[in-house]
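A quick write-up on the structure given underneath.
The values are calculated or read from the model by the stated rules, or taken from the named source; none is laboratory data. What you see is a predicted model; the values in this text were computed from it and never measured. Here the Cβ positions follow ideal geometry from the backbone for every residue, glycine too, while neighbour counts run over all protein chains shown. Heads up: the accessible areas ignore ligands, DNA and RNA and are worked out on the full protein's heavy atoms, side chains in. Shrake-Rupley method; radii C 1.70, N 1.55, O 1.52, S 1.80 Å.
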Amino acid sequence: MTIQAIIPQYLYQQYSDDDNLQAFVASFNATAQTYLDWFNQTPLGVYVNASISGPLLDWLATSIYGYARPSLNTNRVYGPYYGGVGYAITGAQSISRIERTASGGTSQAVTDDYYKRALTWHLYAGDGKQMSLAWMKKRIARFLYGQNGTDVSVDTLQNVGITFPATSTLMITIPAGTSSTIFQTLLLSGYLAVPFQVKFEVTIS
């Protein structure tokens, strides 16, 4: 049950005839009520809420979920990953970090809409944790059509094609559009987590 009203501050009886103190207490109570109303209308745990935007969204996503706002990197050349498990002999090098070098290109932060879509990509737990064609299709459709990170109907899955043209390679085919271009950029830049055992390629048609 949500608390709708604060427990108001009050003056001791001996100060009840002091107009200045009465005004101070009334102002304090009004300000405290404003804060309570804001928290009731702004559910910090629900990032898809329309009132979560801008710097508040950045703070919430980074502080609660540990996911900073992605950026769209164009014409950037990436070097190989290094520092991960299996890259070096355990004990000879730290295996707790995976890093990647990048050079050239431009970078621009994504809008709140696509930031929320990326959060849903990482946080949506309804599909389970086992990758399958349906699992991947749902994630992609949710990113392409789920405005502000909301869920989508199963009808949208028919717009996502997945094939295996080669061993350990998964080809994703999606229709042309802004969402598709941003999806392709974020996926290939490593902002959208995918199983590392599979190489992903994206075709926009």
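Exactly one residue out of Gly83, Gly54 is under 26 Å from His122 (Cβ atoms), open to solvent by less than 50 Å² (accessible area, probe 1.4 Å) and at pLDDT below 85, and it is Gly83. Going by what's in this entry, would Leu144 be described as out of contact with any Leu (no Cβ under 6 Å at 6 or more places or on another chain), outside any helix (DSSP H, G or I) and open to solvent by less than 20 Å² (accessible area, probe 1.4 Å)? Against the criterion (out of contact with any Leu (no Cβ under 6 Å at 6 or more places or on another chain), outside any helix (DSSP H, G or I) and open to solvent by less than 20 Å² (accessible area, probe 1.4 Å)), Leu144 does not qualify. I'd like to know if segment 182-190 contains one or more residues that are under 19 Å from Arg69 (Cα atoms), of a type in the set (Ser, Thr, Tyr) and modelled with pLDDT under 95. Scanning segment 182-190, I find at least one residue that is under 19 Å from Arg69 (Cα atoms), of a type in the set (Ser, Thr, Tyr) and modelled with pLDDT under 95, so the answer is yes.
How many of the residues making up segment 157-177 are open to solvent by 40 Å² or more (accessible area, probe 1.4 Å), assigned to a strand (DSSP E or B) and either within 17 Å of Ser132 (Cβ to Cβ) or not polar (S, T, N, Q) (or both)? Lay out the reasoning, then the answer.
At the first step, the residues of segment 157-177 found to be open to solvent by 40 Å² or more (accessible area, probe 1.4 Å) are 158-159, 163-168, 173, 175-176.
Narrowing the set further to residues that are assigned to a strand (DSSP E or B) leaves 163-166, 173.
Filter once more, keeping what is either within 17 Å of Ser132 (Cβ to Cβ) or not polar (S, T, N, Q) (or both): 163-166.
Result for segment 157-177: 4.
Return yes or no: is Ser132 farther than 30 Å from Ala50 by Cβ and not β-branched (Val, Ile, Thr)? Yes, satisfied.
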